[in-house]
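For reference, the structure is listed below as structure tokens.
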Amino acid sequence: MPSYTVTVATGTQWFAGTDDYIYVSLEGTAGCSERHLLDKPFYNDFERGAIDSYDVTVAEDLGEIQLLKIEKRKYWVHDDWYLKYITVKTPVGDYLEFPCYRWITEDKEIVLRDGRAKLHRDDKTQILKQHRRKELEQRQKMYRWKEWHPGFPLSIDANCHSDLPRDIQFDSEKGVDFVLNYSKAMENLYVNRFMHMFQSSWSDFADFEKIFVRISNTISEYVMQHWQEDFMFGYQFLNGCNPVMIKRCRELPKKLPVTTDMVECSLERNLTLEEEIKQGNIFLVDYELLDGVDANKTDPCTLQYLSAPICLLYKNMENKIVPIAIQINQTPGPDNPIFLPSDDKYDWLLAKIWVRSSDFHMHQTVTHLLRTHLISEVFGIAMFRQLPAVHPLFKLLVPHVRFTIAINTKAREQLICECGLFDKANATGGGGHVQMVQRAMKELTYSSLCFPTEIKAKGMDSKEDIPYYYYRDDGIKVWEAIKSFMMDVIDIYYKSDEVVCEDIELQAFVKDVYVYGMNGNKSSGFPKTIKTREKLSEYLTVAIFTASAQHAAVNFGQYDWCSWIPNSPPTMRQPPPTKKGTVTIEHIVESLPDRGRSCWHLGAVWALSQFQENELFLGMYPDEHFVEKPVKQAMMKFCKDLDEIVSVITERNKNKKLPYYYLSPNRIPNSVAV
């Protein structure tokens, strides 16, 4: 009688094993096996990390195995089980791999296909077509779209982390509890003793050092020492944790009436301001989106303030970017002076602090929350709803949405919700952050997520003109490596543009992103369909780059650049100055966050800057969803390309006082998970 050897691999995460009864049945082109209990006498089957083999004997050969069914039935209490994969050795010695990498909960059954990736057009038999359809029908019931706030990208229909499908939950919810993590961070940073001092101001700048931890982190300490310098202020627009705001100034906006006379002492080439603009030496950062956003009013004991500054910057003869003019609000007038480096020291310093505070709000809410977290969640939900597990694009994308929906759900539950942690220390808490996302969504475009396109659109693409823009240089290298990998995989499964057009599951995925993620906004430029292999490679690169590299660039530098409170104030407690010559050091300290809010802020940026336990970095694919040799070779080539980028970045960073490593592939997690 024919015998099949079935080998079962249980996951290594906590509580992955099970004591429940596990049954297997095989379905082939020539028949189906009986349901077979997988059990060895006097042996504890399916322990965490175990690989167990069993013989399944059948009456007649089953032909080519098409499906494998796994059933779990309760032994004593419900016992979830994480199944990594199953391999089947046929009577003729062939090996088939059935990837799973899913939790099987309660008394459930799942049906697996072998690991060879297949497009919809490749399935010829009714049984495989039906399996494909049923899987998507089940997933669409589990992964439902929901509007969290009007104007936001739609998100998962779940009120809390425990409502999510088990497969996308964190292994340990405790590890991503924001309240617990922030409290733990403040305890580790020894700032708990200041927590009761809400509303209590610091004495002076040096007083902030009481909560500043001098860990072996060259950047945060360097920031503390040099934050008042114009060079450090300008450098952060290129390589800080929000390096996306700066653009080349082609024409001076009318709302910023700066003249040559005002900035003449800052211009080093004996040219007028207009001539400097024509030569490409003037840059602009405009926080217009903040204009009119409501400041946090959740604490009646503390007034908080927002501004919408415009900052003019200059590339000096040393190719350094430095500020030459700041207008703290959008509308020019006698009560909204233009501050200059030639002004009184504290006037100029406070103007720069207002810009840094505004930059913090734009970074947290738009650059970080919207443009990485929420956009990656859209791709993740659409993937689960429209791409079956056998689809090559599902296999390609699934490592890059790992825990993304879970972390966002947890954020909506604890962090950015009404009365959440975001309200405690941030001037955009209490609803301002919601207004910002709603405004930013109206301006969000597909092309702005295409890294090289966006860099060029801002006029920041020339390495000769702007030699120290490491965010650009490293980002383009990583973008090109990802896109090359996408093309290699696409070439395996899509032999022509016609195959792309005919892939109904791919088109449904793209449509879901456009209709629900972008709310069907035509001006977003998000494609409704994809018709060429080139466009498909770009689209997939956008999804993966956003989830991995872009998030790494704007997330993991938060402690480096924001831990010194005066450099990135999360709130301001005094309104912006309306006249020059009135600012004192005491006024600046009174404007900066109080002791309690400073501690919350420090705990937040510390917690957000930490990698997940057992983090998977770009190019690491321990879950073998693909089994085909050509794809594995493409993965190896991708890893080699990434290693070369790591070497280039490591060499460049040697002996630098301000190394830039956020886009080094060995520090880029695969997905948004923190």
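The values are calculated or read from the model by the stated rules, or taken from the named source; none is laboratory data. On a predicted model such as this, the values are computed, not experimentally measured, just so you know. Positions of Cβ are backbone-derived with ideal geometry, glycine not excepted, and every protein chain shown enters the neighbour counts. Ligands, DNA and RNA are excluded from the accessible area calculation, which covers all protein heavy atoms including side chains. Shrake-Rupley method; radii C 1.70, N 1.55, O 1.52, S 1.80 Å.
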Any hit, segment 471-492, residues being touching a residue at least 40 places away in the same chain (Cβ under 8 Å), surrounded by 20 or more Cβ atoms within 10 Å (Cβ to Cβ) and in contact with a strand residue (DSSP E or B) (Cβ under 8 Å, 6 or more places away or on another chain): no
Selection within segment 518-544 - open to solvent by 10 Å² or more (accessible area, probe 1.4 Å) and of a type in the set (Ser, Thr, Tyr): Ser523, Thr529, Thr532
Number of the condition not met by Thr302 [criteria: (1) outside any helix (DSSP H, G or I); (2) open to solvent by 50 Å² or more (accessible area, probe 1.4 Å); (3) within 20 Å of Ser591 (Cα to Cα)]: (2)
Per-region count, segment 61-101, residues part of a loop (DSSP other than H, G, I, E, B) and either crowded, with 17+ Cβ neighbours inside 10 Å or touching a strand residue (DSSP E or B) at 6+ places or on another chain (Cβ under 7 Å) (or both): 8
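With the requirement that a residue be in contact with a strand residue (DSSP E or B) (Cβ under 7 Å, 6 or more places away or on another chain) and open to solvent by less than 60 Å² (accessible area, probe 1.4 Å), what does segment 102-124 give you?
Matches in segment 102-124: Trp103, Ile104, Ile110, Val111, Leu112, Arg113, Asp114, Gly115.
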Verdict on Ile466 being at negative phi and in a loop (DSSP other than H, G, I, E, B): yes
Residue that is farthest from Leu374 (Cα to Cα) [pool: residues in segment 387-420 that are open to solvent by 20 Å² or more (accessible area, probe 1.4 Å) and part of a loop (DSSP other than H, G, I, E, B)]: Ala389
Condition met for Glu443 (at negative phi and surrounded by 18 or more Cβ atoms within 10 Å (Cβ to Cβ)): no
In segment 603-636, residue surrounded by the fewest Cβ atoms within 10 Å (Cβ to Cβ) [restricted to those that are β-branched (Val, Ile, Thr) and part of a helix (DSSP H, G or I)]: Val631
Restricting segment 148-164 to residues that are touching a Ser or Thr at 6+ places or on another chain (Cβ under 8 Å) and open to solvent by 40 Å² or more (accessible area, probe 1.4 Å), the residue that is nearest to Phe379 (Cα to Cα): Trp148
Selection within segment 648-660 - touching a residue at least 12 places away in the same chain (Cβ under 8 Å), assigned to a loop (DSSP other than H, G, I, E, B) and open to solvent by 50 Å² or more (accessible area, probe 1.4 Å): Lys657
Within segment 560-583, tally of residues that are buried (at least 19 other Cβ atoms within 10 Å of the Cβ) and either modelled with pLDDT under 95 or not in a loop (DSSP other than H, G, I, E, B) (or both): 9
Odd one out for Thr218 among (1) open to solvent by 60 Å² or more (accessible area, probe 1.4 Å); (2) of a type in the set (Val, Ile, Thr); (3) at pLDDT below 60: (3)
Inter-residue pairs, beta-carbon under 8 Å, first under 15 Å from Asp343 (Cα atoms) and in segment 254-271, second in a loop (DSSP other than H, G, I, E, B) and open to solvent by 50 Å² or more (accessible area, probe 1.4 Å), 6+ apart: Cys265/Ser342; Ser266/Ser342
Single match in Ala351, Ala295 (criterion: assigned to a loop (DSSP other than H, G, I, E, B), open to solvent by less than 30 Å² (accessible area, probe 1.4 Å) and in contact with a strand residue (DSSP E or B) (Cβ under 9 Å, 6 or more places away or on another chain)): Ala295
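Results for (1) farther than 23 Å from Met436 by Cβ; (2) touching a helix residue (DSSP H, G or I) at 6+ places or on another chain (Cβ under 9 Å); (3) of a type in the set (D, E, K, R); (4) surrounded by 16 or more Cβ atoms within 10 Å (Cβ to Cβ), shown as yes or no for each residue.
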position	(1), (2), (3), (4)
Val263	yes, yes, no, yes
Arg269	yes, yes, yes, no
Leu273	yes, yes, no, yes
Gln279	yes, no, no, no
Val285	no, yes, no, yes
Glu288	no, no, yes, no
Pro309	no, yes, no, yes
Ile321	yes, yes, no, yes
Ile324	yes, yes, no, yes
Subset of segment 584-602 that is in contact (Cβ under 8 Å) with a residue 40 or more places away in the chain and over 22 Å from Ala295 (Cα atoms) - its residue that is surrounded by the most Cβ atoms within 10 Å (Cβ to Cβ): Ile585
Qualifying residue in segment 603-612 (condition: more than 17 Å from Ala673 (Cα to Cα), touching a strand residue (DSSP E or B) at 6+ places or on another chain (Cβ under 9 Å) and not β-branched (Val, Ile, Thr)): no
Conditions (1) hydroxyl-bearing (Ser, Thr, Tyr); (2) in contact with a Phe, Trp or Tyr (Cβ under 9 Å, 6 or more places away or on another chain); (3) over 24 Å from Arg356 (Cβ atoms); number of the one not met by Thr272: (2)
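So, restricting to helices (runs of 4 or more DSSP H) that lie completely within segment 211-281, which ones have at least 1 residues that are within 30 Å of Leu663 (Cβ to Cβ), in contact with a Pro (Cβ under 7 Å, 6 or more places away or on another chain) and not aliphatic (A, V, I, L, M)?
Numbers: elements: 218-226, 230-239, 260-263, 273-278.
In segment 211-281, 230-239 are the helices (runs of 4 or more DSSP H) which contain 1 or more residues that are within 30 Å of Leu663 (Cβ to Cβ), in contact with a Pro (Cβ under 7 Å, 6 or more places away or on another chain) and not aliphatic (A, V, I, L, M).
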Residues satisfying the stated conditions in segment 14-58, i.e. in a loop (DSSP other than H, G, I, E, B), open to solvent by less than 40 Å² (accessible area, probe 1.4 Å) and either modelled with pLDDT under 95 or touching a Phe, Trp or Tyr at 6+ places or on another chain (Cβ under 7 Å) (or both): Ala16, Gly17, Thr18, Asp20, Ser33, Leu38, Asp45, Phe46, Val58
Criterion violated by Asp344 - all others in (1) open to solvent by 30 Å² or more (accessible area, probe 1.4 Å); (2) among the acidic types (Asp, Glu); (3) in contact with an Asp or Glu (Cβ under 9 Å, 6 or more places away or on another chain) satisfied: (3)
Segment 137-162, residues that are touching a Phe, Trp or Tyr at 6+ places or on another chain (Cβ under 9 Å) and outside any loop (DSSP other than H, G, I, E, B): Arg139, Gln140, Met142, Trp145, Ser155, Ile156, His161
